[in-house]
Structure formats: structure tokens, C-alpha cells
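What follows draws every value from the coordinates through simple rules; no lab data is involved. Quantities reported herein were computed from a predicted structural model and do not represent experimental measurements. When we count neighbours, we look across all protein chains shown, and the Cβ atoms used for this are built from the backbone with ideal geometry, even at glycine.
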Amino acid sequence: MSNLSTTSDEILASARTLIMNGGYNGFSYADIADVVKIRKASIHHHFPTKTDLVRTLVSRYREDAEAAVAALGQNVQDPFEILKVYADHWASCIEDASRPFCVCAMLASEMPALPPEVAVEVKAFFRFLATWLTSVMERGCKEGSLRLSSEPKVEAEAFMASVHGAMLSARAYGMPDVFGVILTPTLQRLSPTGA
């Protein structure tokens with residue numbers, strides 16, 4: 001890997017952390033320069049504008065999520081278990097503070113103030129996630145491994161909202177275990193046994 005790629009990745013990682021902590025308008029290139037230990041001009045070399053930086057970050061975030069759910073689908077066959085693994089992933093990230101909040105959920109809360117190029121990428125992330133969750137719900141309903149009370153697309157949106165809402169509550173209370181407390185009833189409702 002070249003230094004160009006490494007520096008670019010460090011800039012993106014720093015921006016992701018800064019966005020999770022303060023949102024789109026909560027950081028500047030000066031903040032990234034302090035973290036990465038480079039000059040602001042070097043950041044502009046990689047990402048001419050903040051819009052370019054965050055658009056690239058969200059695009060890569062979606063690509064990483066796409067790869068992660070593809071791997072999950074290969075390793076876990078049961079749709080209910082897929083939802084549990086997905087929820088457990090976020091519970092672990094919140095617990096160890098490695099990713100205490102979804103960067104796209106944070107940006108979505110700022111949607112009216114985001115540059116259009118960034119907003120398009122955030123919407124694309126949510127469309128991807130909703131489509132994937134809908135496919136899990138459809139398969140689970142067909143196979144009898146999920147108990148749905150609404151159409152699969154509605155259930156997918158509700159599950160996604162529950163996950164992101166649980167993240168928000170865990171953050172608001174400063175208590176990582178709140179995530180599981182909130183999500184457990186959602187998973188129980190979807191369980192074929194109701195337990």
C-alpha cells in the first residue's frame with residue numbers, strides 16, 4: 001500500500017470518528033490535521049473539499065457494509081439469526097466504543113444541512129440497508145424463521161429504525177446496555193416462537 005493510500009485512509013478514519021462525535025459541521029480540516037499529524041494542505045491534496053471527503057467516506061462506508069452483509073449471508077443461513085448477528089455486531093461496537101454510532105445515521109439527522117452530494121450518498125446507504133433487510137425479512141417469512149406482522153419492507157424499515165433508535169438512546173443515556181434493552185423486544189417479536 002502506498003503512502004498516498006495510507007494517508008487517505010487515515011484522513012477518512014479520522015473524519016469518520018469526528019462525524020460520529022460531532023456531525024458534519026462538528027469538525028474541520030484543522031481537526032483532522034491535528035489527529036493525523038499532517039498539514040491542512042495535505043488533506044486538500046487528497047480531498048479538495050469537505051464535501052469530497054465526506055462523500056467518499058459515506059460511499060466507502062456503504063461498500064464496507066455491503067461486503068459485511070454478503071459475508072454474513074454466507075456464514076449464517078437462518079434469517080432470524082442474521083438479524084441477531086447484525087444487532088449483536090452493533091451492541092459490541094457500542095459496548096467497546098469502536099463504532100458507537102452509525103456514521104450514516106448521524107449524517108441522516110443532519111440531512112437538511114448536508115451538501116447535496118453527501119445527502120445522495122447517505123440516502124444510498126439507507127436504500128441499500130433497507131433493501132438488504134427486506135430480503136432477509138422476505139426469506140424469513142417464506143421459510144418460517146421470522147414472524148412478521150406487516151409486509152417485509154415495512155418490517156425491514158421498522159427493524160432498521162429500531163437499531164438506529166437504540167443506538168441513539170444508548171448514546172443519550174451514556175449506557176451501552178440500553179441498546180440491547182431496546183432491541184430485545186423487537187427481536188422477540190420477529191422470532192418464530194415469540195421468545
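Out of every Cα-Cα pair that the chain contains, those further apart than 20 angstrom amount to 59 percent. Dipole check for segment 1-141: with +1 at the C-beta of Lys and Arg, -1 at the C-beta of Asp and Glu, and the Cα centre as origin, the magnitude is about 380 Debye. Membrane-span-like helices in the chain, defined purely by DSSP H runs whose alpha carbon atoms cover 15 Å or more axially and whose average Kyte-Doolittle hydropathy reaches -1.0, are 3-22, 50-75, 79-96, 116-143, 152-173, 177-190. For an R0 of 35 angstrom, estimate the FRET efficiency from the Cβ-Cβ distance between Ser149 and Thr51 and round to the nearest 0.05. Using R0 = 35 Å, I get an efficiency of 0.30.
Taking segment 50-190 as the region of interest, the number of lysine pairs whose Cα atoms are within less than 26 Å, with members eight or more places apart or on different chains, is 6.
Based on Cα contacts under 8 Å between residues 6+ apart, segment 1-142 shows a relative contact order of 29 percent.
Summary of the geometry: segment 72-94 and segment 97-126, compared by the centres of their Cα atoms, lie 22 Å apart. Each listed q (0.20, 0.21 Å⁻¹) maps to a log10 I(q)/I(0) for segment 68-175 from the Debye sum over equal C-alpha point scatterers, namely -1.14, -1.21. Note on Glu81 and Ser28: the model spin-label points, each 7 Å out from Cα along the C-beta direction, lie 5.1 nm apart. With a/c under 1.5 counting as rounded, go ahead and sort segment 116-195 into rounded, prolate or oblate using the C-alpha gyration tensor (a ≥ b ≥ c being the square roots of the eigenvalues; past the cut-off, prolate if a/b is larger than b/c, else oblate). Since a/c reaches 1.5 but b/c is at least a/b, the shape of segment 116-195 is classed as oblate.
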